[in-house]
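The values are calculated or read from the model by the stated rules, or taken from the named source; none is laboratory data. Since we're looking at a predicted model, the values are computed, not measured. Positions of Cβ are backbone-derived with ideal geometry, glycine not excepted, and every protein chain shown enters the neighbour counts. Heavy atoms of the whole protein, side chains included, go into the accessibility calculation; ligands, DNA and RNA do not. Shrake-Rupley method; radii C 1.70, N 1.55, O 1.52, S 1.80 Å.
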Amino acid sequence: MDTNYDPQKIEAKWQKFWEEQKLFDADIAPGRRKYYVLEMLPYPSGDIHMGHVRNYSIGDALARYMSMKGFNVLHPIGWDSFGLPAENAAIKHQRPPAEFTFAYIDRMRRQLKRLGVSYDWRREVTTCAPEYYRWNQWFFLKMYERGLAYRKKSRVNWCPQCETVLANEQVVDGCCWRHEDTPVVEKDLEQWFLKITDYAERLLEDMKELVRWPERVLTMQQNWIGKSKGTEVGFSIDELGLPLRVFTTRVDTIFGCTVVFLAAEHPLIGKLIAASKEPEKLRSEVERIKNSSVHARVEVNLEKDGVATGFHARNPYNGELVPIWVANFVLTEYGTGAVMAVPAHDQRDFEFCTTFNLPIRTVILPKDGEPKAKLEAAFTEFGKLVNSGPYTGLTSERAIERMTHDAEADGFGKGTIQYRIKDWGISRQRYWGTPIPMVYCDACGVVPVPASELPVLLPADIKLTGTGQSPLASVGEFVTTTCPKCGGPARRETDTMDTFVDSSWYFYRYTDPKTDSAPISSEAVNYWFPVDQYIGGIEHAILHLIYMRFFTKVMKDIGLVSFSEPVARLFTQGMVIKDGSKMSKSKGNVVDPTAMFEKYGADTVRLYMLFAAPPEKDLDWSDTGIEGASRFLNRVYRTISKYAENFGAVESLLGKLPRPAASPEYTAEERNLLRKAHQVLRHVTKDMEDRWHFNTDIALTMELVNELTEMDAAISEGRIRTEVLKETLEILVLILALFAPHIADELWEGIGHSGATLRVAWPAYDPVLAAEEELELPVQVNGKLRTRIRVAVDASEDDIRQFAVADEKVAQYIDGHQVVRVIIVPQKLINIVVK
């Protein structure tokens, strides 16, 4: 065995071996336990970054562990390859987006192979390939058939820099999710939508299946779906003879309603303007409110603004007429677009009515409180009703129930449920995406392209300018077509699909990427699903992770799958940052993984990424940290290569439990070494099954190497037998195989084995050897910690009591005092009570 650690040589050697042996190929094996581990597929932007390295190192550690545990592991990769960056690069350089995309894929594929991740490359999926996006179009047609895809004119989010529409979920703090400093504006456009609202309740209800998802993600999804149980109340505009529906979750406060607010976009606004005494003035004020950003209008600290319409709404509960105002914080997207204002019990209403000197009437008091002479803020909690007619004296809970019942009985209202989530707008005015398979015929209207004619291909010869309308609209050969229904002239839809459509079902395609008669192979999906472990960033909680759940439910409804949720367990890893901020070229703090591979080797980079921080936390890159990881691997290599030639045909007892009766007694030094090895093995095994404290696992592995170093004299002098040393080194190497697989395979070969560690059964730790012989117990005097003592695991309480009282540090606190009693909590602590 070479005594010098050469990571470039070793990594090239073993990557070649893995590929030749097809070690990562996974095929259906009925009767064999499967495990599907998946990391979110990357966008091919040119180079992998350290966030990719971290994500894929986490997934690969798990994939390798499960393989060694005997599972049939599916670990695929692909490319989320449609999207704006390639199109923008194409506009800048006047070259086709496909040229950039496939060049970037080639480069990133080489980098991932250089990292040594255990991917089954036969299953590679590229979402911009016609054989993939054909099925995006097929899914769209299926949804259209079921009424889940529809077209309407809608006010949409528009990113001036991307020059395309954004879904609500792609607007972050009023700005584009891709361009964090670009404010989003609104436009009125004809758009295609997917009716995700039809699945809102199922998306919530099925969360009970997601018991191994982070609570934070589930909470974010629940908030985004935004289920509200309330009452729809029918007010009326008597001056015009018009009904006005209002939704409220707090009907118990309705006797405190002193004004009704309308959204500037409410459908009744036009009629109010037409009937107004000053129509132009009202129209001007409404347009001013309407033209402000929707995202600014939902900000908590928004300065309240509005205009009185001059009309009144009648409250059906008490017959009172209250003024109708248009308010800037009310949107048609939520509820009915009409809000009953109860300023004494809603803070926004309170601020508005205070600003415009509108009445404020208290109708709810704390259950044990008295009314205040002057309100300084709204009282928003449940309480007891006052000034509420026949409902006075009821609790809020009881009043909501009774008042909703009365509204239904008298025909002016009903109990109802509203959702915050809105239908998914998928139309994008860009070229590099899936064409929407619809045509427009003057005679037949909107007509779907027959499934037999899919895919509708993107034209290759196109000039991209990045301005205005969809680039496809300028390609006459693409736009001009015939109507599938009547055969007459027709025009193709020129918008393309949101790229989140591509990533909503890609993980199904991995199970059989070559099937061409359907989007998925039922046999393959039935074997491999659900995804046992999915790994990705928290930023996808209300984008990709909701959309993929929606797609799965649609797939179930059309008979493609038999389950409701695609992912059993989700893990969200932290970001990789440098100098306290997210890596970016503009900040000059990017660390190039390829440069690190060349300098230190892929194993060092992988080990450092798993060691530097718990995987769920952000990792702050440190140059000295990766140098430390490199020194550690060099030390491991030197340590093992030093002893490797001694083993010959020596057989260890690793993994043989129970150990043979004839196994030799261990010396104290041998037992100490084996105890440490099996304790580390026990910790790593339990961590891989549950917690994923990779940083702690690697730290303990370092302690094991320290133990070996301290035992060097005993090993050299023969006081530690060869079979004990070999067992220890085998444990060390197999643990290392999860985090630094190339050097692990080299060392495994060096200590007398053949083949890759991936095909070695994960060893069982020996609970007897792993058991502690001593315990460290804290000693308190009158409840205050004074010292810690070490005692034998099997020490009696009398012995423990004597050790504690006799300790020098304890003595200074009990001398001159009477020991009343000594309390011993077994294996936990000792408390000496004195007076």
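When the residues of the range 18-59 are filtered to those that are assigned to a helix (DSSP H, G or I) and open to solvent by 60 Å² or more (accessible area, probe 1.4 Å), the one that is farthest from Phe529 (Cα to Cα) is Glu20. Checking each residue in the range 404-416 for being part of a helix (DSSP H, G or I) and in contact with a strand residue (DSSP E or B) (Cβ under 7 Å, 6 or more places away or on another chain) picks out Thr404, Ala407, Glu408. If you go through the range 252-278 and pick out every residue that is in contact with a Gly (Cβ under 8 Å, 6 or more places away or on another chain), modelled with pLDDT under 95 and among the aliphatic types (A, V, I, L, M), you end up with 1. Any residue in the range 77-84 that is within 30 Å of Asp690 (Cβ to Cβ), in a loop (DSSP other than H, G, I, E, B) and open to solvent by less than 10 Å² (accessible area, probe 1.4 Å)? Yes, because at least one residue in the range 77-84 is within 30 Å of Asp690 (Cβ to Cβ), in a loop (DSSP other than H, G, I, E, B) and open to solvent by less than 10 Å² (accessible area, probe 1.4 Å).
Selection over the range 589-645 of residues that are among the aromatic types (Phe, Trp, Tyr) and open to solvent by 70 Å² or more (accessible area, probe 1.4 Å) gives a count of 1.
Table: residues versus (1) modelled with pLDDT under 95; (2) over 23 Å from Arg33 (Cβ atoms); (3) touching a His at 6+ places or on another chain (Cβ under 7 Å).
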{"residue": "Arg492", "(1), (2), (3)": "no, yes, no"}
{"residue": "Tyr508", "(1), (2), (3)": "no, no, no"}
{"residue": "Ile520", "(1), (2), (3)": "no, no, no"}
{"residue": "Ile538", "(1), (2), (3)": "yes, yes, no"}
{"residue": "Ile542", "(1), (2), (3)": "yes, yes, no"}
{"residue": "Ile546", "(1), (2), (3)": "no, yes, no"}
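Restricting the range 755-809 to residues that are β-branched (Val, Ile, Thr) and under 30 Å from Leu738 (Cα atoms) leaves a set whose member that is most open to solvent (accessible area, probe 1.4 Å) is Val768. For the range 417-436, the set of residues classified as open to solvent by 30 Å² or more (accessible area, probe 1.4 Å), outside any loop (DSSP other than H, G, I, E, B) and not hydrophobic (A, V, I, L, M, F, W, C) consists of Gln418 only. Counting residues in the range 133-152 that are open to solvent by less than 70 Å² (accessible area, probe 1.4 Å), among the small types (Gly, Ala, Ser) and assigned to a strand (DSSP E or B) gives one or more. Among all positions in the range 90-105, there is at least one residue which is open to solvent by 70 Å² or more (accessible area, probe 1.4 Å), among the aromatic types (Phe, Trp, Tyr) and closer than 29 Å to Ala541 by Cα. Only one entry of Val446, Val439 meets the criterion of being farther than 23 Å from His93 by Cβ, among the β-branched types (Val, Ile, Thr) and open to solvent by 40 Å² or more (accessible area, probe 1.4 Å), and that entry is Val446. If you go through the range 558-577 and pick out every residue that is buried (at least 17 other Cβ atoms within 10 Å of the Cβ) and over 22 Å from the mean Cα position of the chain (by Cα), you end up with 2.
When every residue of the range 616-623 is checked against the conditions, at least one turns out to be on the phi < 0 side of the Ramachandran plot and free of Cβ contacts under 8 Å to residues at least 12 places away in the same chain.
Might you check whether a residue that is open to solvent by 20 Å² or more (accessible area, probe 1.4 Å), at pLDDT 95 or above, small (Gly, Ala, Ser) and assigned to a loop (DSSP other than H, G, I, E, B) occurs anywhere in the range 477-487? Scanning the range 477-487 turns up at least one residue that is open to solvent by 20 Å² or more (accessible area, probe 1.4 Å), at pLDDT 95 or above, small (Gly, Ala, Ser) and assigned to a loop (DSSP other than H, G, I, E, B). Screening Leu673, Leu700 for residues that are surrounded by 21 or more Cβ atoms within 10 Å (Cβ to Cβ), at negative phi and among the aliphatic types (A, V, I, L, M) leaves exactly one candidate, Leu673.
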